[in-house]
Amino acid sequence: MPLSNRQTLTQYLIDQRRRFPQATGDFNALVLDVALACKAIAKAVAAGALGGALGSHAGVEGASVNVQGERQMNLDVLSNEVFLRMTEWGGHLAGMASEEMEQPYPIPGQYPRGKYLLLFDPLDGSSNIDVNVSVGSIFSVLRAPDEAVAGDLQERHFLQRGCEQLAAGYALYGPSTMLILTVGNGVAGFTLDPVLGEFMLTHPDLRVPEDTHEFAINTSNQRFWEPPVQRYVHECQCGREGPRGKDFNMRWIASMVAEAHRILMRGGVFLYPRDNKEPKRAGRLRLMYEANPIGFVMEQAGGRASTGRQNVLGVQPESLHQRVGLVFGSRNEVDRIERYHAEPGELDIVTPLFHERTLFRAA
Ligand code: AHG
Ligand code: MN
Ligand code: MN
């Protein structure tokens, strides 16, 4: 008798592997190690104040910051350790890279090296940790170049375009813990059964609706947005009386992973576009372990992910921690936002209209 009429994550992975009779099982073992890391992080997050791990991480001189110059929380640091410890030993990886580590992480000498690279944001949505709002972990698996397996691990080994990802996904630590995974054959969603300690397949083939009337953007940055984004958001705000002819709803959780999940479940569009706030920065979110894995999940679910100017998965990375403008979700909305970026002529006509009408016009 099966334990339940649902597949476990392990059974799902074995099923997927049957498409590749020559596969060794290394890849599945790696994904299961990642899933174990996510379960351990879920436990720490759920313990909240009882676990003693809330609050800012104390560095040598006050609060510590990561390579992005952002304040690290205790749970950021702990989650990073969990990812390292749960995945370094298995012999499946040639190296790792994380939001919380400036340099690539080579596999310690006592463990065998394997043929994959793992990139992750161990805890996304740090500002939500202490207020008990959903956070998550995001991960991406790449094939390691031969020289990374045989020789010294270098940053350049990771600089592969998002379309080269073999697997990607995220865990969401919300009212229930979920694991969303793509191995390049659609997107599957698993819900953690806390009694069995197993991720059970609850959402076998997730699809992002092509159309939506829900958008997500941090409007406190509005004065820094570029004209195509101003135009898009303004048209949404005009609702039924405006050029879109329908009312839009707005959401902002400030955990991208939670926004991605909402969009995967019911459609929508998320924007953290390139803006003029810090002109040297291409965007807020990181290409290799935020935009690329979410982009792969979106595309595999029939949605899209773009920088506004091009497909995210086609961007050639130049550095491990590079930032990028990011727009993802329902296909027709992402197409429209790209079109607005590509049509400067049309913008000249529309933007003055926007300036007359908007309540939010910059002084
Ligand atoms: P992280 O906690 O990994 O640094 O990422 C937080 C990101 C993302 O999850 C979210 O969408 C965005 O930062 C929120 O930014 P604002 O604070 O500008 O709203
Ligand atoms: Mn993040
Ligand atoms: Mn993070």
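Considering only residues that are modelled with pLDDT of 95 or more and assigned to a loop (DSSP other than H, G, I, E, B), look in the stretch 140-151 and name the one that is surrounded by the fewest Cβ atoms within 10 Å (Cβ to Cβ).
The extreme case among them is Pro145.
From the list Ser137, Ser126, which one is among the polar types (S, T, N, Q) and either more than 16 Å from ligand 3 (Cβ to nearest atom) or open to solvent by 10 Å² or more (accessible area, probe 1.4 Å) (or both)?
Answer to the selection: Ser126.
Quick one: would you say Val183 is β-branched (Val, Ile, Thr), open to solvent by 10 Å² or more (accessible area, probe 1.4 Å), within 16 Å of ligand 3 (Cβ to nearest atom) and at pLDDT 95 or above?
For Val183, the condition - β-branched (Val, Ile, Thr), open to solvent by 10 Å² or more (accessible area, probe 1.4 Å), within 16 Å of ligand 3 (Cβ to nearest atom) and at pLDDT 95 or above - is not met.
Take the residues in the stretch 94-112 that are among the aliphatic types (A, V, I, L, M) and assigned to a loop (DSSP other than H, G, I, E, B), then tell me which one is farthest from ligand 1 (Cβ to nearest atom).
So, considering only residues that are among the aliphatic types (A, V, I, L, M) and assigned to a loop (DSSP other than H, G, I, E, B), the one farthest from ligand 1 (Cβ to nearest atom) is Ile107.
Looking at Phe158, Phe120, Phe139 in this structure, which one is away from ligand 1 (no atom under 15 Å from the Cβ) and of a type in the set (Phe, Trp, Tyr)?
Phe158
For residues in the stretch 94-104 being open to solvent by less than 10 Å² (accessible area, probe 1.4 Å) and more than 14 Å from ligand 2 (Cβ to nearest atom), which is nearest to the chain's Cα centre (by Cα)?
It comes out as Met96.
Given the options Ser126, Ser140, name the one that is in contact (Cβ under 8 Å) with a residue 24 or more places away in the chain and over 22 Å from Gly25 (Cβ atoms).
Ser126
Does Val133 qualify as being under 19 Å from the mean Cα position of the chain (by Cα) and part of a loop (DSSP other than H, G, I, E, B)?
yes
Taking the stretch 239-293 only, how many residues are open to solvent by 10 Å² or more (accessible area, probe 1.4 Å), more than 23 Å from Arg323 (Cβ to Cβ), under 19 Å from the mean Cα position of the chain (by Cα) and of a type outside the set (Lys, Arg)?
Number satisfying all stated conditions: 1.
All but one of (1) crowded, with 24+ Cβ neighbours inside 10 Å; (2) under 24 Å from Ala40 (Cβ atoms) hold for Gly162; state the number of the condition that does not hold.
It is condition (2) that Gly162 fails.
I'd like the residue in the stretch 194-229 that is part of a helix (DSSP H, G or I) and under 24 Å from the mean Cα position of the chain (by Cα) and, out of all such residues, is surrounded by the fewest Cβ atoms within 10 Å (Cβ to Cβ).
Looking at residues that are part of a helix (DSSP H, G or I) and under 24 Å from the mean Cα position of the chain (by Cα), I get Ser220.
Scan the stretch 11-19 and give yes if some residue there is more than 20 Å from the chain's Cα centre (by Cα), in contact (Cβ under 8 Å) with a residue 24 or more places away in the chain and closer than 28 Å to Asn132 by Cβ, otherwise no.
Looking through the stretch 11-19, none of the residues is more than 20 Å from the chain's Cα centre (by Cα), in contact (Cβ under 8 Å) with a residue 24 or more places away in the chain and closer than 28 Å to Asn132 by Cβ.
Please work out if Met298 is surrounded by fewer than 21 Cβ atoms within 10 Å (Cβ to Cβ) and closer than 29 Å to Arg6 by Cβ.
Answer is no for this residue.
Can you name every residue in the stretch 1-26 that is open to solvent by less than 40 Å² (accessible area, probe 1.4 Å) and modelled with pLDDT of 95 or more?
Matches in the stretch 1-26: Thr8, Leu9, Tyr12, Leu13.
Of all residues in the stretch 30-59, which are open to solvent by less than 30 Å² (accessible area, probe 1.4 Å) and under 18 Å from Tyr116 (Cα atoms)?
Leu30, Val31, Asp33, Val34, Ala35, Ala37
Can you name the number of the only condition in (1) buried (at least 21 other Cβ atoms within 10 Å of the Cβ); (2) more than 16 Å from ligand 3 (Cβ to nearest atom) that Arg113 fails?
(1)
What residue, among those in the stretch 60-93 that are outside any helix (DSSP H, G or I), aliphatic (A, V, I, L, M) and free of Cβ contacts under 8 Å to residues at least 24 places away in the same chain, is least open to solvent (accessible area, probe 1.4 Å)?
Ala63
Is it the case that Gly303 is on the phi > 0 side of the Ramachandran plot and either of a type outside the set (Lys, Arg) or surrounded by fewer than 24 Cβ atoms within 10 Å (Cβ to Cβ) (or both)?
no
The values are calculated or read from the model by the stated rules, or taken from the named source; none is laboratory data. Please read all numbers here as calculations on a predicted model, not as lab measurements. Note that each Cβ is placed from the backbone with ideal geometry, even for glycine, and that neighbours are counted across all protein chains shown. What goes into the accessible areas is simple: the full protein's heavy atoms, side chains included, and nothing from ligands, DNA or RNA. Shrake-Rupley method; radii C 1.70, N 1.55, O 1.52, S 1.80 Å.
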